[in-house]
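Chemist: Sharing a structure with you now.
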Amino acid sequence: MAIIEIRTDITGTVWKVLKRVGDAVEEDEPILVLESMKMEIPVAAPERGIVEAIHVQEGETAPEGSVVARIEV
Amino acid sequence: MKKVLIANRGEIACRIVRACRKLGLASVAVYSEADAGALHVELADEAYAIGPSDARESYLRVDRILDVARRSGADAVHPGYGFLSERPSFATAVTDAGLVWIGPSAQNIADMGDKERARVIASQCGVPVVPGSGRFDAPDLGGIEEAGAQVGYPLLVKASAGGGGIGMRRVDDVSALRATALATQSMAARAFGDGTVYLERCIPVARHVEVQVFGFGDGRAVHFHERDCSTQRRFQKIIEESPAPGLPAATRERMAGAALRLCAAQRYDGAGTVEFIVDAASFEFYFLEMNTRIQVEHPVTEMNTGRDLVALQIDLARGAVERLAQAAIASRGHAVECRIYAENPAKRFLPSPGTLERFVLPPESAQLRIDTGYRGGDRVTHFYDPLIAKLVCHGADRTEAVDRMLDALSRTEIAGVTTNVAFLRAALSHPVFRAGDVSTGFVDAHWAELVERKAA
């Protein structure tokens, strides 16, 4: 059991949170979608796991490098 | 008309301020929190805050914009492109408030904005359209497999309310059709408030050529020749040029004629662009959509024809337009435009917001025009599109125009955000581009090579 922090590579507004705490995610499956410069940027799970925490809400700005979610793998 | 409110930001707002000044009109800027110190705010005669950085709470707020019009005493509104420019309800709200709307009629915008209705109107006036299906209103997808078979693969699932490459997904065979259509419906419902989609044949090797038109509202219209906008990434244009290289004269004429028929049929009122997809092998062309606004790439046409399209828009709206004869609108030499974006081509064009720590552009001249909404030290935020500047070069012929652009880009120094400048240079130097053989698949097909190449 390990916790992985998922960070965003770019600054964006959280457009849609697709998963909830406790949801299972596959590798590369999007957990949320950011909107930056009119583009949709999915933030995906780096590996298969369970969503342990989501640190952002829809409409909020997620700065570059910030932790947006954690998964337990 | 004495004072124009510009319901936009960035380079196009600056461009409209300049047109107003040239015509002796005062200008009113609006700005969000993120744009408080922006260039368009500095250039305009007056400026008013309209809310938070999120465009939905500022540049898309009709009530706040009309309130600024009242407070400032503006008597006309220019919408620029994007934001509210193609919302018929905004055009109506502006005229209902007793203001002059600088743009096509709400009816024109509504007719062309509904992509499916636009296709029907186009085919009714003899403009060829790409084989396509009827509409599927969310969440109904009944009969979509049959419609897919009729349209033929590969095809595109398109959102009726979409545009500019947003709300468009490619499907290569029936197995992915239903899921893709469903995803497009839900995305379109969220993004545009309308989940209606339709299917359209995808022409594998295609060029994107569009005709700049201007209608006088009485059935008369003129064209300003075509622009080739085939160099695209993620369905967004990055290089545009006029005239379209290698397009046979007969095709150019037929295309312009089709665009004018479409304008005449709807008594089109103002500047617009009729977009066509051209089969790169046969030069057969098909109507794609009509954009009822001034476009990002309009300076290409202005450089080539010596005409000021924004001034024409304003003059038409205030009833002072020159009755231009078609024969007086000549395409001279060749013009090329490059869009400098804050993005990282190496990361598949991922946005790169940040501060312009260094922002040096070559000096403008008769052959080089620069449209930008930024200065050194400005922040390019994630709230809006990634366009930093447009460079437009003119030459006696295509080679001269492209060489001039390569030189201009080589003298462009931007630091603090990652840009596509090196990528643009590589694209302009690529043998396929130099030969004038670019199709819409060019960037995808040569992406790795263009990212690696450090240009000529």
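Chemist: Mind running the shape call on region B:318-456? Use the C-alpha gyration tensor, a ≥ b ≥ c as the square roots of the eigenvalues: rounded below 1.5 for a/c, prolate if a/b tops b/c, oblate otherwise.
Modeler: The shape class here is oblate.
Chemist: Skipping prolines and chain starts, which residues have an amide H placed within reach, meaning under 5 Å, of the one on residue B:284, given they are 5 or more residues away or on another chain?
Modeler: The list, which skips near neighbours in sequence, is B:279.
Chemist: Taking a 29 Å limit on the Cα-Cα distance, which of the listed pairs B:3/B:237; A:38/B:2; B:237/B:347; B:3/B:158 fall beyond it?
Modeler: Long pairs (Cα-Cα over 29 Å): B:3/B:237; A:38/B:2; B:3/B:158.
Chemist: What's the center-to-center distance, using Cα atoms, between region B:1-65 and region B:233-267 in Å?
Modeler: What the calculation gives is 31 Å, centre to centre.
Chemist: Right, another one. May I ask you to derive the FRET efficiency for residue B:327 and residue B:410 from their Cβ-Cβ distance with R0 = 30 Å, giving the value to the nearest 0.05?
Modeler: The computed FRET efficiency comes out at 0.20.
Chemist: Apply the Karplus curve 6.51 cos²θ - 1.76 cosθ + 1.60, θ = phi - 60°, to the phi angles in region B:99-106 and return the couplings in whole Hz, x for Gly and Pro.
Modeler: In residue order, the calculated couplings are 9, 8, 8, 8, x, x, 4, 4 Hz.
Chemist: Among rounded, prolate and oblate, which fits the protein assembly as shown when a ≥ b ≥ c are the square roots of the eigenvalues of its C-alpha gyration tensor, a/c under 1.5 means rounded, and a/b larger than b/c means prolate?
Modeler: rounded
Chemist: Please tell me the relative contact order of chain B in percent, rounded to the nearest whole number, where contacts are Cα pairs under 8 Å and at least six residues apart.
Modeler: Computed over chain B, the figure is 14 percent.
Chemist: Shielding by partners for B:347-356, please: the mean number of other protein chain Cβ atoms within 10 Å of each residue's Cβ.
Modeler: Partner-chain Cβ atoms within 10 Å, mean over residues of B:347-356: 4.
Chemist: Can you give me the long-range amide H partners of residue B:380? Hydrogens built in the peptide plane at 1.01 Å from N, cutoff under 5 Å, separation of 5 or more residues or another chain.
Modeler: Result for residue B:380 returns B:354, B:355, B:356.
Chemist: Moving to a separate point now. Rounded, prolate or oblate: which one fits region B:69-184, using the alpha carbon gyration tensor with axes a ≥ b ≥ c (rounded when a/c is under 1.5, else prolate when a/b beats b/c, else oblate)?
Modeler: Prolate.
Chemist: Placing +1 at every Lys and Arg Cβ and -1 at every Asp and Glu Cβ, with all other atoms neutral, what dipole size does chain A have around its Cα centre, in debye to the nearest 20? Mind showing how you got there, number by number?
Modeler: On the way: 7 positive and 15 negative charges, 37 e Å.
Rounded to the nearest 20 debye, it is 180 debye.
Chemist: Measuring from centroid to centroid over Cα atoms, what is the spacing of region B:184-225 and region B:287-365 in Å?
Modeler: Value for the Cα centre distance between the two parts: 18 Å.
Chemist: Let me confirm one metric for peptide A:30-40, namely the mean number of other chain beta-carbon atoms within 10 Å of its residues' beta-carbons.
Modeler: Values: counts 0, 0, 0, 1, 2, 5, 10, 16, 12, 10, 3.
Partner-chain Cβ atoms within 10 Å, mean over residues of A:30-40: 5.
Chemist: Which ³J(HN,Hα) values in Hz, rounded to whole numbers, follow from the phi angles of region B:59-68 under the Karplus curve 6.51 cos²θ - 1.76 cosθ + 1.60, where θ = phi - 60° and Gly and Pro get x?
Modeler: 5, 9, 8, 4, 4, 5, 5, 5, 5, 5
Chemist: Enumerate the residues in region B:122-158 having an amide nitrogen under 19 Å from the point lying 7 Å beyond the Cα of residue B:261 toward its Cβ.
Modeler: Backbone N within reach: B:122-132.
Chemist: What trypsin sites (Lys or Arg not before Pro) does region B:371-421 have in DSSP loop regions with at most 15 other beta carbons within 10 Å?
Modeler: Answer in residue order: B:375, B:411.
Values in this text are rule-based calculations from the coordinates and carry no lab data. Nothing here was measured: the structure is a model prediction, and the numbers come from that model. Note that we place each Cβ from the backbone using ideal geometry, even for glycine, and neighbour counts take in every protein chain shown.
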